[in-house]
1. What helices (runs of 4 or more DSSP H), lying completely within the stretch 11-111, carry at least 1 residues that are at pLDDT below 95, surrounded by 13 or more Cβ atoms within 10 Å (Cβ to Cβ) and over 15 Å from the mean Cα position of the chain (by Cα)?
2. Exactly one condition in (1) surrounded by 24 or more Cβ atoms within 10 Å (Cβ to Cβ); (2) over 21 Å from residue 153 (Cβ atoms) is not met by residue 115; state its number.
3. Of all residues in the stretch 112-130, how many are touching a residue at least 60 places away in the same chain (Cβ under 8 Å) and assigned to a loop (DSSP other than H, G, I, E, B)?
4. Scan the stretch 141-151 for residues that are in contact with a strand residue (DSSP E or B) (Cβ under 8 Å, 6 or more places away or on another chain), in contact (Cβ under 8 Å) with a residue 40 or more places away in the chain and either surrounded by fewer than 24 Cβ atoms within 10 Å (Cβ to Cβ) or assigned to a loop (DSSP other than H, G, I, E, B) (or both) and jot them down.
5. Out of everything in the stretch 118-132 that is out of contact with any helix residue (DSSP H, G or I) (no Cβ under 7 Å at 6 or more places or on another chain) and more than 16 Å from residue 78 (Cβ to Cβ), what residue ends up being surrounded by the most Cβ atoms within 10 Å (Cβ to Cβ)?
C-alpha cells in the first residue's frame, strides 16, 4: 500500500502491526492453579461505545493533543459506524495516548492488553465520502477487512483512496498541525521523528 506526498499518512510500519498481532495471538494463559476459576482471556472486554447508536456517536468529537498542537475531529458514524465506534472506544479507554497515530505498539503503556486490542480487525466501510483535505480515514494492508487501530489524516487530495478506505471523520480545527507533521523530515514515507499523540479526549460537538 503506497501513498503520495500530497496528503498525510500518520500510520507507518504495518510490519509492526503484524508483530503485534503475532504477540496478541500467542499463548497468554498463565499456569492454572488448583481450584482456580477458569477465565476466557481471549474474549474482548466491553468498551464504552459498544452498542452505541449512530445518533449518540454523531454527537461526539475527539481532540488529539499532539506534540505539535491539538487536532479536533468530528465523527461521521452515518457512513462508517464501526470505524467510528472503534475510534471512540480507543479514545475513551486511553489506548491512543502516547501513540504514533493509532500504532498502539508505540505506546508507553504497550503490553498484553494493547497488543490484544491491536489485533481486533474491523470490517471495511468504504463509503461515499471523498478523500479530501481534512478527512480522517482508517488504514489497512492490502488484505480486505484488516483495519485495526491505525488511521491517517489527509492534508491534500487522495481520490485514489475513494471506495477503498473507510473515511470516518473530518478535522474541524488544527489542520495546520497536520500540515506541520506532513512537512517534517522523512525517510521515504517514514518520518525521522514520528509525532506522538500525548492524549486523546472526547467532547460533545458544538451544534
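The values are calculated or read from the model by the stated rules, or taken from the named source; none is laboratory data. Bear in mind the structure is a predicted one, so any value in this text is a computation, not a measurement. Every residue, glycine as well, gets a Cβ built from its backbone with ideal geometry; the counts of neighbours run over all protein chains shown.
1. Once the helices (runs of 4 or more DSSP H) in the stretch 11-111 are filtered for at least 1 residues that are at pLDDT below 95, surrounded by 13 or more Cβ atoms within 10 Å (Cβ to Cβ) and over 15 Å from the mean Cα position of the chain (by Cα), what remains is 14-24.
2. (1)
3. Matching residues across the stretch 112-130 total 2.
4. Listed by number, the residues that qualify are 148, 149, 150.
5. 124
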